[in-house]
Amino acid sequence: MKIKINISSETVGRPIIAESILETGVLLNVSQAHFDRSHGEVVADVLEEHYDEMYQALTSRGARVTKLDAPIEWNEDECVECSACMSVCPTRVFSLDEDYSLKVDQAKCIQCGTCVEMCPHRALTLLNNK
Amino acid sequence: MVKKTIHEINAKIRDGSVNVVTAEEMVNIVGELGPEGAAREVDVVTTGTFGAMCSSGVWFNLGHSEPPIKMQKVWMNDVEAYTGVAAVDAYMGATQLSESMGMDYGGAHVIEDLLRGKSVDVHAISHGTDCYPRKVLDTSLTLEDMNQAIMINPRNAYQKYNAATNSSKQTIHTYMGSLLPRFGNVTYSGAGVLSPLSNDPEYLTIGTGTRIFLGGAQGYVVGQGTQHASAGRFGTLMVQGDLKKMDPEYIRAANFTGYGTSLYVGMGIPIPVLDERVAQATAVKDADITTNILDYSIPSRDRPALRKVTYEELRSGHVEIEGRDVATSSLSSFKRARIIASELKDWISRGDFFVSMPVERLPENTLSHPMKETEGVSFVSDIMSATVVTIDKDASVYKAAKIIMETAFNHLPVVNKDNTLAGIVTAWDISKAVSLDKFDLVEDIMTRKVITAQADEQVAVVARRLDQHGVSALPVINSMNQVVAIITSDDISKLFARRH
Ligand code: SF4
Ligand code: SF4
């Protein structure tokens, strides 16, 4: 399952992810990481059965952890099948079939939110976005 | 030589014997029969396009209230419409933004809401006259309540349009959508093989008075669109149609993050095949239509073209830029362009739509000139302060504090030995370092990712950069990355204060 780890400015300098991995022995597969001076955000995969442990370890160190259990949601009524979302998705969730209909492979979504900003028709939403 | 007249074609439409094909189908027909054979076989070719057309809007006549009002300003759902014409006429432009909801809602949404049967809140104000005594009006209206709702789009159906990419290090948000850093993607618009003006590039049949498909209803070409630049094959059309008869499938509000609202408009133009020259023109393929990929990170009217591409390459999903494979995607819907071309084909086959000859040809060889600017343009070099105080990166934080106190400069560019830029420290960074008991080197507390300016950039461009990054000063660097000056938001405010 995917989780999002938010790290605030007070803790951004500490290796809390590494500490949590060492403490629990649970592996995290990081798929995205954004850091700036005031804040960090990491998206990672963790096995479902280890989630509670990892949650404990990370939150006790001051991180905020959210489950990303809802991948990109596609509203077909709003979508005009322009395909603008295609070129920004890092994992190729979107494609066009032979008759130029949009195909959405939600399983590939890493919930980065890029397509949500791109879609001119507000046809894409990410429940856990922001 | 094949020669047909509009009357002959319309007679065939009337008796049901007309042969209509879409522009996509015409490619193969001309391929097989040649232009002459195709001109004999085919009577009408239909085109279609469905994409963002910012230059769109609707003229509303709201009817008179009791007592009547001469609307000086009017808002629908808090989006201002243009008045300044007769008492209760107003033009709602697609990109006008809501005064309370900002970029989330605009004129395009008002138009779509009305089309979907929703009512909109109308608020108008006036100075009051003897004939129109009322000063304030509040009501709510549906499309049915309006006397007229005439869509007039001053500039639609670009003959071709540039493709967009971004060479900078940040994502930028444009009317061409989100453009990812370092040539992360390419976006483009237009229906290629189905695009109306690409199928009649010499305007043999499309001109003033041409009957068209607009938003699901019959509309007309008014004439050349604004910025019609036919000399460079950048023709545009001004079109009109009755919003009351349109279909929300083909008129859709859009939001471009960071840019604002726009309207997706579905348009289809029939091309009567009068002779082989017209037949040949409608045989155009994606591979024949070229455009340029422009670098939208350059905030200038003259964006550099990175390369030429064909629509065939663009439609393949990726193009090569500087040796890299870059993902492309369209902003307009080819699927809907197809639906429009075939719906128009059905209308004509069923005898519900007749073709027309323009009463006036579109002008050829027009150019679109850049704006003449009479106020001198200000460059960074005009207002920057060349007496910039820098600090070495291995100086102490204490020394930086001292310099700031002595010189009253709030921002110190941090430099390497050769005066190249390494970072920046501000009075705030120093206070923070002190409060954390960090008295080490400037290098440890400086910001490394510095936003900079160059002396030959325009102030307007740099002012926006300050805003965007929420900073108040930019070191000015030369081509060797050496610090030559600094420009602050104060310098810019003073410039504008002088002007107003
Ligand atoms: S960008 Fe939005 S409207 Fe366009 S195809 Fe993707 S989901 Fe549909
Ligand atoms: S959220 Fe990111 S990964 Fe998921 S579909 Fe959108 S762009 Fe692709």
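Counting only other chain Cβ atoms within 10 Å of each residue's Cβ, the peptide B:173-183 averages 3. The accessible-area loss of the stretch B:305-343 on complex formation, taken against its chain alone with a 1.4 Å probe, reaches 50 Å² or more at B:Ser329, B:Lys335.
In this structure, the amide hydrogen of B:Phe234, modeled 1.01 Å from its nitrogen in the peptide plane, lies closer than 5 angstrom to those of B:Ala229, counting only residues at least 5 positions away or on a different chain.
First measure r as the distance between the Cβ atoms of A:Ala33 and B:Glu322, then evaluate 1/(1 + (r/R0)^6) with R0 = 25 Å and state the FRET efficiency to the nearest 0.05. Mind showing how you got there, number by number?
Numbers: r = 27 Å, r/R0 = 1.07.
So, using R0 = 25 Å, E works out to roughly 0.40.
The Cβ shell under 12 Å around A:Cys82 holds other residues with a net charge of +1, Lys and Arg each +1, Asp and Glu each -1. Scanning chain A for cysteines with no neighbouring cysteine C-beta under 4.7 angstrom from their C-beta gives A:Cys79, A:Cys82, A:Cys89, A:Cys109, A:Cys112, A:Cys119. For each pair in B:Lys12/B:Lys244; A:Lys103/B:Lys345; B:Lys285/B:Lys335; B:Lys285/B:Lys308; B:Lys244/B:Lys345, compute the distance between the two Cα atoms and list the pairs where it is over 19 Å. Long pairs (Cα-Cα over 19 Å): B:Lys12/B:Lys244; A:Lys103/B:Lys345; B:Lys244/B:Lys345.
When DSSP assigns beta bridges and you keep just the ones with both residues in the protein assembly as shown, what percent turn out antiparallel, to the nearest 5? Please report the intermediate quantities before stating the final value.
Numbers: 108 of 121 bridges.
Rounded to the nearest five, the antiparallel share is 90 percent.
When the accessible area of chain A is computed with all protein chains present and a 1.4 Å probe, what percentage of it is carbon and sulfur?
Numbers: 3390 of 6920 Å².
It is 49 percent, rounded to a whole number.
Name the shape class, rounded, prolate or oblate, that the alpha-carbon gyration tensor gives for the stretch B:294-384, where a ≥ b ≥ c are the square roots of its eigenvalues, rounded holds for a/c under 1.5, and otherwise prolate holds if a/b is larger than b/c and oblate otherwise.
Working: a/c = 3.36, a/b = 1.52, b/c = 2.21.
Oblate is the answer for the stretch B:294-384, as a/c is 1.5 or above yet b/c matches or exceeds a/b.
Looking at the stretch A:65-130, the accessible area is 49 square angstrom per residue; that uses a 1.4 Å probe and ignores ligands, DNA and RNA.
For chain B, DSSP calls about 85 percent of its internal beta bridges antiparallel. The share of accessible area on the stretch B:269-353 that comes from carbon and sulfur is 45 percent, using a 1.4 angstrom probe. Only protein atoms count toward the accessible area here, which uses a 1.4 Å probe; on the stretch B:377-461, the carbon and sulfur part of that area reaches 55 percent.
Rolling a 1.4 Å probe over the protein heavy atoms gives chain B an accessible area of 45 Å² per residue. For the protein assembly as shown, the gyration tensor built on C-alpha atoms gives a prolate shape. Its axis ratio a/c (a ≥ b ≥ c) is at least 1.5, and a/b is the larger of a/b and b/c. The 3J(HN,Hα) values that the Karplus relation (6.51, -1.76, 1.60; θ = phi - 60°) gives for the stretch B:296-306 are, in residue order, 6, 7, 8, x, 9, 5, 9, 6, x, 8, 7 Hz. Gly and Pro appear as x. Buried accessible surface for the B/A pair, both sides summed and rounded to the nearest 100, is 2100 Å² with a 1.4 Å probe. Rounded, prolate or oblate: which one fits the stretch B:413-500, using the alpha carbon gyration tensor with axes a ≥ b ≥ c (rounded when a/c is under 1.5, else prolate when a/b beats b/c, else oblate)? It is oblate, given that a/c is not under 1.5 and a/b is not larger than b/c. The residues of the stretch A:82-130 listed by number as losing at least 50 Å² of accessible area in the complex, against the isolated chain and with a 1.4 Å probe, are A:Cys82, A:Ser87, A:Tyr100, A:Glu117, A:Met118, A:Pro120, A:His121, A:Arg122.
The values are calculated or read from the model by the stated rules, or taken from the named source; none is laboratory data. Since we're looking at a predicted model, the values are computed, not measured. Here Cβ is always computed from backbone atoms with ideal geometry, including for glycine, and neighbour counts include all displayed protein chains. Note: areas computed on protein heavy atoms with side chains; ligands, DNA, RNA excluded. Shrake-Rupley method; radii C 1.70, N 1.55, O 1.52, S 1.80 Å.
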